[in-house]
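Quick notes on the structure that follows.
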Amino acid sequence: MREGEVRVVPDPLAFTAQALARRGALLEVAQGGEVLALLPPELSREMGLSEEVRLSAVGAEDAVACGLGTPLLEAVVGAARREVPITAARVVREQAPKVGHARSLAERFVIRNGVAEVLEAAGAEATYLVAWLAYVAEADERHEGVVTLGVHAQEGAVPEEGFITACDVGGEGTLAPWREPTVVPGAEQWLARYTPAEEERALRGLREATARRHERDYERMAEYYAAMVAEARAPRRRVDGAAVEAKVQHLQAERDNKLRALADRFTLRVHTRLAAALWVLAPVARVRLHVRRRKGSRELVLRLPAGAQGFDRLPCEGCQGTTERPALCDERLHVLCETCVPLASGRPRCPACG
Ligand SMILES: [Zn+2]
Ligand SMILES: [Zn+2]
């Protein structure tokens, strides 16, 4: 604990009352330290309380107890856990990237089928939204993990890992409170756009390992039944041919059922929820780039945020991905990624132009 910092342990009554107030309850402190609470109907239903309720630390005839271990406190704590904490912070100015460095990076920035020229490089600030997504992936085994993803709030460019690290728990000393954050509407849509691919990237190893175990068990089971069928077809005693065939068919049906069940057992089921989100105001080096392709030209903005080794990856205008080395289309110079335009030579087909 830092010097001069005083931490007060909230008492359960105050904690419960505040939690209810955050959810719209009206409070009034009554005699004897009890609290009168008027709950919105929805909250009263969720908590299993009447709309007008008297809360006390210990409980009394006409009061609901909310001390440690009481059902009400448990319910309030449970509800608080389900709330997604969204906070705001700014990256301190000392972390500002060097403008000269950004300029020299920009001079080497590659437009795969065009030319670029730096118009201006300057220090600026930019707003990012960073999300922590907690996933549970279950098949024959259960795995949990967290995927962290950030976006430039307005333009959807994706900052490089170094910036995320600066915003993460390890980033002590880099973050300061951002008291009046500007929330950018639509930023969460950029997050939603990139989430499936990021999640798949995080799950790739798990999917492969699950598929390997599935394959192994599949082969074992298939071999086992193949041996059983072979044995049925070569009986030690004389058996009627129809009986052999019936036995074989029975074995094959059983095998098919078991293999189907196996497929189900090794199907990865993934549940993801937003665990936390952070609005970040960060110092950036902002570069305006003039890009040309054939007779057309346009301007692109590149940003190097605090902590990042490279510019934010630009959103591809042809798909849901991003690009570090864009190509441009002929008509409107749309920014296109390496998947949309794998080869920079020739006339690119532009999904954005249709
Ligand atoms: Zn693309
Ligand atoms: Zn285009």
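Structure notes:
- Among (1) in the same structural domain as ALA106 (by TED's automatic domain parsing); (2) within 14 Å of ligand 1 (Cβ to nearest atom); (3) part of a loop (DSSP other than H, G, I, E, B) - the single one LEU314 does not satisfy: (3)
- Filter result for ALA263 (more than 28 Å from ALA88 (Cα to Cα), within 16 Å of ligand 1 (Cβ to nearest atom), of a type in the set (A, V, I, L, M) and open to solvent by 30 Å² or more (accessible area, probe 1.4 Å)): no
- Restricted to segment 319-332, and to residues there that are open to solvent by less than 10 Å² (accessible area, probe 1.4 Å) and either outside any loop (DSSP other than H, G, I, E, B) or not assigned by TED's automatic domain parsing to the domain that holds ARG108 (or both), the residue that is nearest to ligand 2 (Cβ to nearest atom) is LEU328.
- Residue among GLN249, GLN309 that is part of a loop (DSSP other than H, G, I, E, B) and open to solvent by 60 Å² or more (accessible area, probe 1.4 Å): GLN309
- Qualifying residue in segment 65-87 (condition: over 30 Å from PRO159 (Cα atoms), of a type outside the set (Gly, Ala, Ser), open to solvent by 30 Å² or more (accessible area, probe 1.4 Å) and touching a Lys or Arg at 6+ places or on another chain (Cβ under 7 Å)): no
- Verdict on THR322 being among the polar types (S, T, N, Q), in contact with a strand residue (DSSP E or B) (Cβ under 9 Å, 6 or more places away or on another chain) and at pLDDT 95 or above: yes
- Screening VAL341 against (1) within 14 Å of ligand 1 (Cβ to nearest atom); (2) in a strand (DSSP E or B); (3) β-branched (Val, Ile, Thr) leaves a single unmet condition, (2).
- Residue within segment 138-148 that is within 14 Å of the chain's Cα centre (by Cα), closer than 22 Å to ALA308 by Cβ, assigned by TED's automatic domain parsing to the domain that holds PRO283 and open to solvent by 60 Å² or more (accessible area, probe 1.4 Å) present: yes
- Leading residue by the ranking (most open to solvent (accessible area, probe 1.4 Å)) among those in segment 333-343 that are over 14 Å from LEU314 (Cα atoms) and away from ligand 2 (no atom under 15 Å from the Cβ): LEU343
- The residues in segment 179-214 that are over 19 Å from the mean Cα position of the chain (by Cα) and in a helix (DSSP H, G or I) can be counted, and the count is 7.
- Yes/no for VAL92 being among the aliphatic types (A, V, I, L, M), more than 15 Å from the chain's Cα centre (by Cα) and open to solvent by 50 Å² or more (accessible area, probe 1.4 Å): no
- Evaluation of ALA232 against the conditions (1) touching a residue at least 40 places away in the same chain (Cβ under 8 Å); (2) open to solvent by less than 50 Å² (accessible area, probe 1.4 Å); (3) over 30 Å from GLU144 (Cα atoms) shows that the sole unmet condition is (1).
- Among the residues making up segment 172-194, those that are touching a residue at least 40 places away in the same chain (Cβ under 8 Å) and either aromatic (Phe, Trp, Tyr) or open to solvent by less than 30 Å² (accessible area, probe 1.4 Å) (or both) are THR174, ALA176, TRP178, VAL184, ALA187, TRP190, LEU191, TYR194.
- Where GLY123 falls short, out of the listed (1) part of a helix (DSSP H, G or I); (2) open to solvent by 40 Å² or more (accessible area, probe 1.4 Å); (3) touching a residue at least 12 places away in the same chain (Cβ under 8 Å): (1)
The values are calculated or read from the model by the stated rules, or taken from the named source; none is laboratory data. Fair warning: this is a prediction, and the values are worked out from it, not measured in the lab. Neighbour counts run over all protein chains shown; Cβ positions are idealised from the backbone, glycine included. Heavy atoms of the whole protein, side chains included, go into the accessibility calculation; ligands, DNA and RNA do not. Shrake-Rupley method; radii C 1.70, N 1.55, O 1.52, S 1.80 Å.
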